[in-house]
Amino acid sequence: MMSRITLPILLLLFVFCGGSAPEDVYDDFVLANNARDAERLVGCLWFPAWDGLTPDEVESARRELIPTAEREFFLDEIVDHEVIQVEERSEDERLVLARQVFLDAYGNRFSDQYSFTLVRRDGAWFIYVPAE
């Protein structure tokens, strides 16, 4: 039986990031980045240290990470993005190749391609941030 505290936290994770398709979390990440919404941005991420934690512990780790995210996690404004390819590695893991077009502080556009891994934890999809 799920505790009363755990259920709202899980619902909060679903609201902050990810839809039914795994790559929807990428759209949410872009929106959070452009809005400079650190709480929502962190809600899109998953770190290896969080594997094995309870939902309450993960939520606590997320809250602790928000001040760091406000200083260090934001990218330049992403003015356009698209998922180019999604490779299914397992039921709970996807490799995504995406293209992003950025707008720098001087108004210049530049684009690049990125690959990143999505992981599913407790039914929700997150962008996996590997340990350094």
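Picking from Ser90, Ser60, which residue would you name as being among the small types (Gly, Ala, Ser), closer than 15 Å to Tyr128 by Cα and free of Cβ contacts under 8 Å to residues at least 60 places away in the same chain?
The conditions single out Ser90.
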Do we find that Leu41 is in contact with a helix residue (DSSP H, G or I) (Cβ under 7 Å, 6 or more places away or on another chain) and either more than 29 Å from Gln85 (Cα to Cα) or among the basic types (Lys, Arg) (or both) in this structure?
no
Would you pick out the residues in the range 114-132 that are of a type in the set (Val, Ile, Thr), touching a Leu at 6+ places or on another chain (Cβ under 8 Å) and either over 30 Å from Pro55 (Cβ atoms) or not in a loop (DSSP other than H, G, I, E, B) (or both)?
Thr117, Ile127
Taking the range 92-113 on its own, how many of its residues are modelled with pLDDT under 90 and either touching a strand residue (DSSP E or B) at 6+ places or on another chain (Cβ under 8 Å) or assigned to a strand (DSSP E or B) (or both)?
2
Restricting attention to the range 23-50, the residues that are closer than 16 Å to Glu77 by Cα and either among the aliphatic types (A, V, I, L, M) or assigned to a helix (DSSP H, G or I) (or both) number exactly 13
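Looking at Pro67, Pro130, Pro48, Pro55, which one is more than 20 Å from Asp24 (Cβ to Cβ) and surrounded by 12 or more Cβ atoms within 10 Å (Cβ to Cβ)?
Numbers: Pro67 fails: surrounded by 12 or more Cβ atoms within 10 Å (Cβ to Cβ); Pro130 fails: surrounded by 12 or more Cβ atoms within 10 Å (Cβ to Cβ); Pro48 fails: surrounded by 12 or more Cβ atoms within 10 Å (Cβ to Cβ).
Result of the check over Pro67, Pro130, Pro48, Pro55: Pro55.
The values are calculated or read from the model by the stated rules, or taken from the named source; none is laboratory data. Bear in mind the structure is a predicted one, so any value in this text is a computation, not a measurement. Neighbour counts run over all protein chains shown; Cβ positions are idealised from the backbone, glycine included.
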